[in-house]
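The values are calculated or read from the model by the stated rules, or taken from the named source; none is laboratory data. Bear in mind that the values here come from a model prediction, so they are computed numbers and not experimental data. Every residue, glycine as well, gets a Cβ built from its backbone with ideal geometry; the counts of neighbours run over all protein chains shown.
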Amino acid sequence: MKEIYLDNSATTVVCPEAAQKAIQMMTEIYGNPSSLHTMGFLSQTEVDKSRERIAAVLSVNKEEIIFTSGGTESNNTAVFGAAKALCRRGKKIITTAVEHSSVLAAMQVLEKQGFEVVYLPVNEQGCVRLEELSQAIDSQTILVSMMAVNNETGAIQPIEAVRKMIDRAKSPALFHVDAVQAFGKMPLKPKKWGIDLLSVSSHKIHGPKGVGALYIKKGTHIVPLHYGGEQQRRIRPGTEAVPLICAMGEAVRVLPDCQQEWEQMQTLNAYARQRLSAMANVVIHSSADSMPYILNLSAVGFRSETLLHHLAQKHIYVSGGSACAKGQKSHVLTAMGLPKEYIDSAIRLSFSRYTTREDIDYFCEELENACQTLASSR
Amino acid sequence: MKEIILLKLGEIVLKGLNRKNFEDTLLRCLRRRLAVIGAFQVRAAQSTIYVEPLNDAIDMDETADCVSKIFGIAAYARACVAEKDLEQMKIAAADYLADTLDGVQTFKVEAKRSDKKFAYTSPEISAAMGEYLLEKFPHLTVNVHEPDVIVTVEVRDFGAYIRAGLERGAGGIPVGTGGKACVLISGGIDSPVAAYMMAKRGLELMAVHFASPPYTSERAEQKVVELLQRVAAYSGRLKMYTVPFTKIQEQIREKCKEEYFTIIMRRFMMEIAQQLAAAKGAQALITGESLGQVASQTIGAIACTDAVCRMPVFRPLLGMDKEEIIEISRRIDTFDISIQPYEDCCTVFTPRHPRTRPELAKVLAEESHLDSAVLIEEAVQNTVVRDIQKE
């Protein structure tokens, strides 16, 4: 039976090119990139190639890219690293109420260490209001951390406007962007938008899990989380995860033109919205101008988990909210002010270049079936 | 809205009758370097060069970065072009400078009117523009003494140009106006800086690197390639000649006294470099020596080294401290590559106690134990060349 995978914001299938590259780097070019001999040199050359590819997508220099173990480590490195580096300049940090747990949990730790963290609220569309950000930033603010695209709703945050606000307030703040959901899907211009730190992940773009990257703008000083050898400018020591890093590079290399794919996703998304809106009990939470790869909705009256398991029996894979929240009540939908019955029944569809219109048809049919056969939770 | 880049010429404007030559070389250089990015119209008028993209897809960030590294340009600015109509100029300024003005608290307007036929005077333009921007950006205030940003309006023959600020250019004089020279490059911090500095004075570059496998690795050579790629961002493309140096080093070590090793080695390097340089039309050598930095960089050692040279040797770092050199290497982005810890030809077989005051006669006596001509010829013949351009 065919699998309908609509959980691409949780993770994606690894593309064949990336998988092939990982195997090659494990079995053929297996040297340690720090080894001086030829095998080490070849390995380092491949790691560098991957670094260059990621840098090229972001229009930055390859020295500004550090490989990490994934989005969580990139976010933690950025948040803690910036807070520690600038703690003498001020104690105020600004973030949003809808960040990924790897930012929010780090912020909670910093609060315990004496930092003041401001969690900006969002509107019904899930977006931060710039006036509130502008009011919050002052000369004591040392870090602003904001995601580019929300992982549960696809809401796009106005990251290109943040730098101006920081500058206008004459604040020393570094600007961190969690771009895990946006990378490879929409144009990101860290240089142009005055971003100092930007996190990306491999497994959201058909690369392997366990690897990600952090853009650190040239001249930006952050305190490392790890200590060890000379690798990666000592910001992230330890032997590089060569197979994963190179596979990520391949995944980036074979990324389709992002504008074309965006349009393809818009078509899919619009089609899904059109079919779903015909169903009486379905409410769509993602606003129309969200990133089209993500569609958050509720089949009101049915708990997320019940629906999710029911659909899984039909080999349709969706998720309740963020996979990282493991079934907890969504803080994102809560922040958007949605009523409890919507939050309890929220389902996230997330598409990839392999998603087809037929997949959506099948999902919609099965959702309809589910609503007719399952007992409503009330 | 059309965005262009305005370039202000550096010391070229001081050149008398040669000025045209310098300007033409600069224009050629600009056209060649910009061609990699896209199609541009590049023209000079009224001491300014106008770089105008010919299609919308051109990345102006990349363009600005590219021109910021071209010698002969004292300053540059991104500007928008507006029709010579005060209303249109005001609208264009508010639109084009929105991002900049959002990020500041204070500003002032400066107007320059070189087209005297334009109906308004400079003070009138400034006043009207200032008033309009204050209305459009209510958070702004005017500060004529220490503004966060200066909005400049230039009314010239071809149109009105509106910009915020002026960036410092690479300075110097255009590459190629001063002839060609050959840099000896090891992989350390100094030689790329020396190459950059001489390119800044108008020299076209070629580079010679000495490789001693297995004492040095392919990484050391790769490091030099990367260093030169960074230099090429300023100097334009160049050729790198890699000379096999193992045999010469082994012979010196075997047949000459240890304390003379470095000085003799450097004489060989100079000889080989000048042969390659002469064959490729270069008229001088460039080294990264800084007086007193190491034993081979004393007056006595330099005298012995230069005794083999038949062409001038340029040593732009001679009077600089290490800290000053490092500052430049950071600015031109070579520092992080230079500090990668691979053995290079200069660190192989370093004597424990090198001569700091070598006498030429003794050096020559030691050197006579070697079959120099044959060794040099063999090295020159087996030299490998590669093309280097910026990444």
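One table, with the values for the structure above:
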| read-out | value |
| --- | --- |
| Every pair of residues 6+ apart whose Cβ atoms lie under 9 Å, when the first sits in segment A:337-348 and is on the phi > 0 side of the Ramachandran plot while the second is part of a strand (DSSP E or B) and modelled with pLDDT of 90 or more | A:Gly337/A:Val122 |
| Some residue of segment A:225-247 being surrounded by fewer than 18 Cβ atoms within 10 Å (Cβ to Cβ) and either among the hydroxyl-bearing types (Ser, Thr, Tyr) or not assigned by TED's automatic domain parsing to the domain that holds A:Ser35 (or both) | yes |
| Of all residues in segment B:307-341 being surrounded by 17 or more Cβ atoms within 10 Å (Cβ to Cβ) and of a type in the set (D, E, K, R), the one that is farthest from the other protein chains (Cβ to nearest Cβ) | B:Arg315 |
| Exclusive hit being in contact with a strand residue (DSSP E or B) (Cβ under 6 Å, 6 or more places away or on another chain), in a helix (DSSP H, G or I) and in the same structural domain as B:Gly72 (by TED's automatic domain parsing), set B:Leu30, B:Leu7, B:Leu26 | B:Leu30 |
| Selection status of A:Ser9, among the hydroxyl-bearing types (Ser, Thr, Tyr), more than 29 Å from B:Tyr215 (Cβ to Cβ) and either in contact with a Pro (Cβ under 9 Å, 6 or more places away or on another chain) or within 14 Å of chain B (Cβ to nearest Cβ) (or both) | no |
| Residue count for segment A:229-238, restricted to those that are away from chain B (no Cβ under 14 Å) and at negative phi | 2 |
| Neighbours by Cβ (under 8 Å, 6+ apart or cross-chain): first from segment A:21-50, under 15 Å from A:Gln232 (Cβ atoms) and within 11 Å of chain B (Cβ to nearest Cβ); second crowded, with 18+ Cβ neighbours inside 10 Å and charged (D, E, K, R) | A:Pro33/A:Glu240; A:Gln44/B:Arg219 |
| Boolean, A:Val98 is without any contact (Cβ under 8 Å) to a residue 40 or more places away in the chain, outside any strand (DSSP E or B), closer than 28 Å to A:Ile294 by Cα and among the β-branched types (Val, Ile, Thr) | no |
| Top-ranked residue of segment B:203-219 - restricted to ones that are at pLDDT below 95 and assigned to a loop (DSSP other than H, G, I, E, B), ranked as surrounded by the fewest Cβ atoms within 10 Å (Cβ to Cβ) | B:Pro214 |
| Condition met for B:Phe137 (farther than 12 Å from B:Ala164 by Cα, hydrophobic (A, V, I, L, M, F, W, C) and within 14 Å of another protein chain (Cβ to nearest Cβ)) | yes |
| Test: residue in segment A:108-121 that is under 30 Å from B:Ala233 (Cβ atoms) and under 21 Å from the mean Cα position of the chain (by Cα) | no |
| Scope segment B:125-174; condition in a strand (DSSP E or B) and either out of contact with any helix residue (DSSP H, G or I) (no Cβ under 9 Å at 6 or more places or on another chain) or without any contact (Cβ under 8 Å) to a residue 40 or more places away in the chain (or both); matching residues | B:Thr141, B:Val142, B:Ile150, B:Thr152, B:Glu154, B:Tyr161, B:Arg168 |
| Residue match in segment A:60-72 (condition: more than 14 Å from chain B (Cβ to nearest Cβ), surrounded by fewer than 23 Cβ atoms within 10 Å (Cβ to Cβ) and touching a Cys at 6+ places or on another chain (Cβ under 9 Å)) | yes |
| Residue list for segment B:184-197, filter: crowded, with 24+ Cβ neighbours inside 10 Å and under 13 Å from the mean Cα position of the chain (by Cα) | B:Ser191, B:Pro192, B:Val193, B:Ala194, B:Ala195, B:Tyr196 |
| In segment A:265-294, the residues that are over 14 Å from A:Glu341 (Cα atoms) and touching a Lys or Arg at 6+ places or on another chain (Cβ under 7 Å) | A:Leu268, A:Tyr271, A:Met291, A:Tyr293, A:Ile294 |
| Verdict on B:Val374 being at pLDDT 95 or above, farther than 29 Å from B:Val193 by Cα, surrounded by fewer than 17 Cβ atoms within 10 Å (Cβ to Cβ) and not small (Gly, Ala, Ser) | yes |
| Exclusive hit being charged (D, E, K, R), away from every other protein chain (no Cβ under 14 Å), within 26 Å of the chain's Cα centre (by Cα) and under 29 Å from B:Asp321 (Cβ atoms), set B:Arg230, B:Arg237, B:Arg201 | B:Arg201 |
| Residues of segment B:67-117 satisfying the condition of being part of a loop (DSSP other than H, G, I, E, B), over 30 Å from B:Ala232 (Cα atoms) and within 14 Å of chain A (Cβ to nearest Cβ) | B:Leu97, B:Gly103, B:Val104, B:Gln105 |
